[in-house]
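Taking it in order: structure first as structure tokens, then the write-up.
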Amino acid sequence: MALLHVDNRTIPIKGIVFDKDGTLVDFLHTWGYWVELMLDRFSSELKRLKLAPLSSDSYVLLGVTHRYGQGVVDYDRQGPLSVGSLNDLLTIFALQGYHRGLTWAQARLLAVQCQQAASKQLEDEQRIKTIPHVVELLQQCKQHQLKLAVATADDTLPARQQLNWLGIDSMFDTIIGHDSVARGKPYPDMIELVCRQLSLAPSEVVMIGDTNGDMMMARSSGTIASIAYLSDSSLHASDYPDADHLIYSYTDIAFS
């Protein structure tokens, strides 16, 4: 059993469950770009069908901040893009198509087609990069023989694929997505599944994530602690009421 040191507290653990987007990898680099691809393609298809294109309100509905000429520059850590499943996001897009005159079946199909095209472009470009100091942290974890898992709102296959692009997928003992369980975040199902796969009790693991949904999942499953990673200095404890600890850099964590 290793000792994790954070906020002047020492926590005995056997494993760590990580969120993926915004925790291991740069959220905006991948998903901000994905939003732009989705909105552009969806709007183009609406215009081709002689329907009103998407408006700037679409960014608000997805929980992202867009600036003209700069693209997506920030996101709500508690919003749909950050916490929601792929199905949630497709529903948001489909609703906008439906409100513009498509049938629900047409709107849903269009959302899926746009998603497939956007995801294909992400794959072709391998559009992903790690959060600073993540690789060093994972190496320390392996040195202390910790079991590592990823529990993400993304689907399992693309999550594995993206971590493979970075060459860090082999550092995790298991990787599961929203499609692996009946209920995603903030319910405890993902951590419960991870712990069964790793033969650990929730009380032997720590959850690290960038949303309060991650912290809620950790609390409801009974992890020994939850750690919120804050990528922006404008974020504060009030944004993470269910977190046990807050860090602004992975250098804030140590092991012995």
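Going through the stretch 104-119 one residue at a time, which ones are surrounded by fewer than 14 Cβ atoms within 10 Å (Cβ to Cβ) and either in contact with a Gly (Cβ under 9 Å, 6 or more places away or on another chain) or at positive phi (or both)?
Within the stretch 104-119, Trp104 is the sole residue that qualifies.
Output the residues belonging to the stretch 167-187 that are within 16 Å of the chain's Cα centre (by Cα), farther than 17 Å from Ser221 by Cβ and in a helix (DSSP H, G or I).
Asp169, Asp179
Name the helices (runs of 4 or more DSSP H) wholly inside the stretch 78-164 in which the number of residues that are assigned by TED's automatic domain parsing to the domain that holds Ser199 and in contact with a strand residue (DSSP E or B) (Cβ under 6 Å, 6 or more places away or on another chain) is 1 or more. Working first, answer last.
Values: elements: 80-83, 86-99, 104-125, 134-143.
Ranges flagged: 134-143.
Check off (1) assigned to a helix (DSSP H, G or I); (2) touching a residue at least 24 places away in the same chain (Cβ under 8 Å); (3) touching a Ser or Thr at 6+ places or on another chain (Cβ under 7 Å) for Leu39 and give me the number that stays unchecked.
(2)
Examine the stretch 215-223 for a residue that is modelled with pLDDT of 95 or more, among the polar types (S, T, N, Q), touching a strand residue (DSSP E or B) at 6+ places or on another chain (Cβ under 7 Å) and not in a loop (DSSP other than H, G, I, E, B), and state whether such a residue exists.
No, that holds for no residue.
Could you tell me which of the residues Leu51, Leu28 is among the aliphatic types (A, V, I, L, M), within 29 Å of Thr156 (Cβ to Cβ) and either surrounded by fewer than 16 Cβ atoms within 10 Å (Cβ to Cβ) or out of contact with any helix residue (DSSP H, G or I) (no Cβ under 7 Å at 6 or more places or on another chain) (or both)?
After ruling out the rest, the residue left standing is Leu28.
Confirm whether Leu90 is out of contact with any helix residue (DSSP H, G or I) (no Cβ under 8 Å at 6 or more places or on another chain) and either surrounded by fewer than 20 Cβ atoms within 10 Å (Cβ to Cβ) or not polar (S, T, N, Q) (or both).
No; evaluated as a whole, the condition is false for this residue.
Counting only residues that are within 19 Å of Val134 (Cβ to Cβ) and at pLDDT below 95, which one in the stretch 224-244 is farthest from the chain's Cα centre (by Cα)?
Checked the stretch 224-244; the qualifying residue farthest from the chain's Cα centre (by Cα) is Ser233.
For the stretch 210-230, give me the residue count where each residue is of a type in the set (Ser, Thr, Tyr) and surrounded by fewer than 19 Cβ atoms within 10 Å (Cβ to Cβ).
1
Just to be sure before I move on: is Leu122 at pLDDT 95 or above and buried (at least 16 other Cβ atoms within 10 Å of the Cβ) in the structure I sent?
Judged against the criteria, Leu122 is not a match.
The values are calculated or read from the model by the stated rules, or taken from the named source; none is laboratory data. Just so we're clear, the structure is a prediction, and the values are computed from it rather than from any experiment. All Cβ positions, glycine included, derive from the backbone under ideal geometry; neighbour counts span all protein chains shown.
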